[in-house]
Amino acid sequence: KNEVEQSPQNLTAQEGEFITINCSYSVGISALHWLQQHPGGGIVSLFMLSSGKKKHGRLIATINIQEKHSSLHITASHPRDSAVYICAVGNTDKLIFGTGTRLQVFP
Amino acid sequence: DTGVSQDPRHKITKRGQNVTFRCDPISEHNRLYWYRQTLGQGPEFLTYFQNEAQLEKSRLLSDRFSAERPKGSFSTLEIQRTEQGDSAMYLCASSFIGAGNTEAFFGQGTRLTVV
């Protein structure tokens, strides 16, 4: 079993829909990261959180430390949100990544 | 500072050749990480440095792989006698480890194709 599990693996949505991507982990962590990867390969950090909830524009990330679970929400989705969203957990050194959720938003 | 930069962005090489990739981290960052990502998978940890010291190496890093960060600034990752299984995206990230958690910033990656 992977230490970081994401669901769903693939997700399609119509523009404007509310989207949720889930991440569960089985190791002790000091922080959880949500990352976005576009087809060119570069990774952009969206959130780093260790408790509670963070919001940035149309993106919201929550984490429940007791349940070892995090969610990434996208409100009013747009075609430009199409990308792979990766959950990664870390302690004081390296990150452990999930396999990613491929999101496609259609106009 | 323009962020983490990696060079080259793409590399095609014949099996058996040696390749070297470079990563320039954000200048004040003391941690530098190398990850490898194969198609359809999330990145996997290879190794990391704190300043010039290499603190951990993954079992994925066979003896054909070597990484250096000689002056605690840029880093190189060399693969000797490349194999087709080495084809992947090689990602570099940097962060500043101090009193608390800090974000990791990623480069654009170097996509290696071994033919």
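Bear in mind that the values in this text are calculations on the coordinates, not laboratory data. Everything numeric here is computed off the predicted structure, so don't read it as measured data. Methodologically, a virtual Cβ is constructed for each residue, glycine included, from the backbone with ideal geometry; neighbour enumeration extends over all protein chains shown.
Side notes on the structure shown:
- Using the Cβ-Cβ distance between B:LEU39 and A:GLU5 with R0 set to 22 Å, the FRET efficiency works out to roughly 0.70.
- At most 14 other Cβ within 10 Å, DSSP loop - GluC sites (Glu not before Pro), segment B:1-57: B:GLU28, B:GLU52
- Whole-number percent relative contact order across chain B, with pairs defined as alpha carbons under 8 Å at least 6 apart: 36
- Computed lengthening from A:HIS38 to A:LYS54, 0.36 nm per intervening residue step minus Cα-Cα distance: 3.6 nm
- When you filter the chymotrypsin sites (Phe, Trp or Tyr not before Pro) in segment A:8-107 for DSSP loop state and at most 13 other Cβ atoms inside 10 Å of their Cβ, you are left with A:PHE18.
- Tail weight of P(r) past 19 Å, computed on alpha-carbon pairs of chain A, percent: 38
- For a label point 7 Å along the Cα-to-beta-carbon line of B:SER27, residues of segment B:73-115 with backbone N under 15 Å: B:73-74
- Exposed loop positions in chain B were taken to be trypsin sites (Lys or Arg not before Pro) whose DSSP state is not H, G, I, E or B and which have at most 16 other beta-carbon atoms within 10 angstrom. Between these positions, the longest stretch is B:16-58.
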